[in-house]
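Here the structure is laid out as structure tokens; the discussion comes afterwards.
Bear in mind that the values in this text are calculations on the coordinates, not laboratory data. Model, not experiment: these values are computed from the prediction. Cβ sites come from the backbone with ideal geometry, for glycine too, and all protein chains shown count toward neighbours.
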Amino acid sequence: MLPVSYERLAQSPSREIREAIERSNTGVLGFLLQGVDLEAMHRPADEHLTEALAPLRTKLDMIIDMLGRLSYRDVELPPLCEIELSSTLISWVSALPQSPGDWLRIKLYFDPIFREAIIVLGEVSSCAGSGEGSDCRIRAELCQVSQGVGENIARLALLTQRRQRTQRSVIPP
């Protein structure tokens with residue numbers, strides 16, 4: 001489940017547009033994964049130090065959250081949407097049908113505080129609805145991205161999925 005928005009492009013994206021999106025995604029992915037890497041770093045087990053630093057960490061988290069809200073107060077996240085994502089395909093349910101062959105710029109928001117989108121470009125391969133006036137499942141073939149960016153998107157998606165599953169399992173009855 002991610003906030004997802006998309007817009008239809010008039011034509012297939014040019015090489016310059018794909019390169020600009022790749023540069024942007026590299027920066028956003030680097031920032032988002034930096035926090036994950038810092039959390040995963042091995043630290044010596046000093047319980048006294050951990051206890052002493054706990055209030056500081058709480059205050060830093062609060063300051064970061066406040067700065068994020070201030071910086072992105074004008075950026076509204078789109079509604080959550082259940083997506084299927086692979087290195088070559090993205091699929092989600094939408095109220096707005098698209099025609100096969102349409103090109104889309106799809107924005108995926110992985111962090112509710114750092115509201116910078118990962119952008120993927122895709123060509124609609126199918127749009128199947130269950131009837132008139134109902135939502136349809138859009139499937140789009142993704143434009144090729146560099147191996148590093150593709151691996152980082154996959155890693156971020158996997159980490160986001162794990163975090164969401166953990167949060168669902170911790171919710172009290």
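Couple of notes before you dig in:
- Near the amide H of Ser5, within less than 5 Å, lie the amide hydrogens of Lys107, all on another chain or at least 5 residues away, with H placed in the peptide plane.
- Top of Asp74, Asp46, Asp102 by mean-square fluctuation, Gaussian network on the chain, Cα under 10 Å: Asp46
- Derived scalar couplings ³J(HN,Hα) [region 107-119; Karplus, 6.51 cos²θ - 1.76 cosθ + 1.60; whole Hz; x for Gly, Pro]: 10, 10, 9, 8, 9, x, 8, 8, 8, 9, 8, 8, 10
- Residue-averaged 222 nm ellipticity for the chain, from DSSP H runs of 4+ at -39500 (n - 2.57), nearest 500: -15500 deg cm²/dmol
- Gyration tensor verdict on region 2-170 (Cα atoms; rounded if a/c is under 1.5, prolate if a/b is larger than b/c, oblate otherwise): prolate
- Axis angle, to the nearest 10 degrees, between helix 147-170 and the longest C-alpha principal axis of the chain: 70 degrees.
- Low-density loop positions, GluC sites (Glu not before Pro), region 95-164 - DSSP coil, at most 14 other Cβ in 10 Å: Glu132
- The chain: most fluctuating residue of Ala52, Ala157, Ala117 per GNM, C-alpha cutoff 10 Å: Ala52
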